[in-house]
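Trainee: Sharing a structure with you now.
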């Protein structure tokens, strides 16, 4: 019989693998952003599927172009410290 902890990660293992804090892992779990299960019931330990690491790694290494912030000039006069000599 396969144990429930085989091929699964603890919250601490997941936090170390993702290089985030343990509280971040639990917050993402609570918000429903991480899949998890509790084999012992509601008040027992939490396990995360090992495939989660592959999914997160693929999502963070995606080569899709990101939105670039275009700088638009803010209307109105520039502050004195930012105004150049030709704008006056």
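The rows are residues; the columns are (1) in a loop (DSSP other than H, G, I, E, B); (2) modelled with pLDDT of 85 or more.
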residue: 2; (1), (2): yes, no
residue: 14; (1), (2): no, yes
residue: 54; (1), (2): no, no
residue: 57; (1), (2): no, no
residue: 65; (1), (2): yes, no
residue: 69; (1), (2): yes, no
residue: 72; (1), (2): yes, no
residue: 75; (1), (2): yes, no
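Trainee: Of everything in region 16-48, what is outside any helix (DSSP H, G or I) and surrounded by 15 or more Cβ atoms within 10 Å (Cβ to Cβ)? Give them in sequence order.
Mentor: We begin by selecting, within region 16-48, every residue outside any helix (DSSP H, G or I); these are 19-21, 31-48.
Within region 16-48, 34, 36, 46, 47, 48 qualify.
The values are calculated or read from the model by the stated rules, or taken from the named source; none is laboratory data. Every value quoted in this text rests on a predicted model; they were computed, and no experiment measured them. Methodologically, a virtual Cβ is constructed for each residue, glycine included, from the backbone with ideal geometry; neighbour enumeration extends over all protein chains shown.
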